[in-house]
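Quick notes on the structure that follows.
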Amino acid sequence: MERVGSFEGEGLIGDQISYGSSIADFCSEPCRVVITRESGVSQLSLTRKEIVQRLIVVRQQLAQLGIVFLHPEISVRGSGATVVAEARGMGRSTGRDDYFLEVHKIKLDLVRDGKSWKVRRIENVDPLLDVDE
């Protein structure tokens, strides 16, 4: 997932679709996304097509992104598994020269799909700070 989630260069629309599709392939359908902020919790249930559409927008906004998962804690139970890890994303927005670094502890709930595992649910472990824009 790290290799697939990382990229350099803005890319053409075909690159953007390929990027979204490659990541969506790791997800079950639907995939639940839970984002906890200081002010509350947002929950989405997304199809693979919706995941691709959202990732195309992300890909268009970023000129570069590198993702790594550190210190994974894995728990397997029957046909399911849970992974808690530190996710680090370093990148650059389109049209900018400066870089950003995002570090978040995330939890992935996985389900067995034949010989592979799919992400059924992803959530941040620690609440995100509410930032006034």
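Identification of strands (runs of 3 or more DSSP E) wholly contained in segment 10-78 with 2 or more residues that are at pLDDT 90 or above and within 16 Å of Gly91 (Cα to Cα) yields 62-77.
This table checks each residue for (1) free of Cβ contacts under 8 Å to residues at least 40 places away in the same chain; (2) surrounded by fewer than 15 Cβ atoms within 10 Å (Cβ to Cβ); (3) of a type outside the set (D, E, K, R).
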{"position": "Gly5", "(1), (2), (3)": "no, no, yes"}
{"position": "Thr36", "(1), (2), (3)": "no, no, yes"}
{"position": "Gln43", "(1), (2), (3)": "yes, yes, yes"}
{"position": "Gly66", "(1), (2), (3)": "no, no, yes"}
{"position": "Arg96", "(1), (2), (3)": "yes, yes, no"}
{"position": "Ile106", "(1), (2), (3)": "yes, no, yes"}
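When we screen Arg92, Arg120 for residues that are touching an Asp or Glu at 6+ places or on another chain (Cβ under 6 Å) and either touching a residue at least 40 places away in the same chain (Cβ under 8 Å) or part of a strand (DSSP E or B) (or both), the only hit is Arg120.
Exactly one residue out of Arg77, Arg88, Arg96, Arg54 is in contact with a strand residue (DSSP E or B) (Cβ under 9 Å, 6 or more places away or on another chain), among the charged types (D, E, K, R) and over 19 Å from Leu128 (Cβ atoms), and it is Arg96. Contact annotation: residue pairs with Cβ atoms under 6 Å, 6 or more positions apart or on different chains, pairing a residue in segment 15-28 that is of a type in the set (S, T, N, Q) with a partner that is at pLDDT 85 or above and in a helix (DSSP H, G or I), are Gln16/Ile56; Gln16/Arg59; Ser21/Val52.
The values are calculated or read from the model by the stated rules, or taken from the named source; none is laboratory data. These numbers come from a predicted model, not from an experiment. Here Cβ is always computed from backbone atoms with ideal geometry, including for glycine, and neighbour counts include all displayed protein chains.
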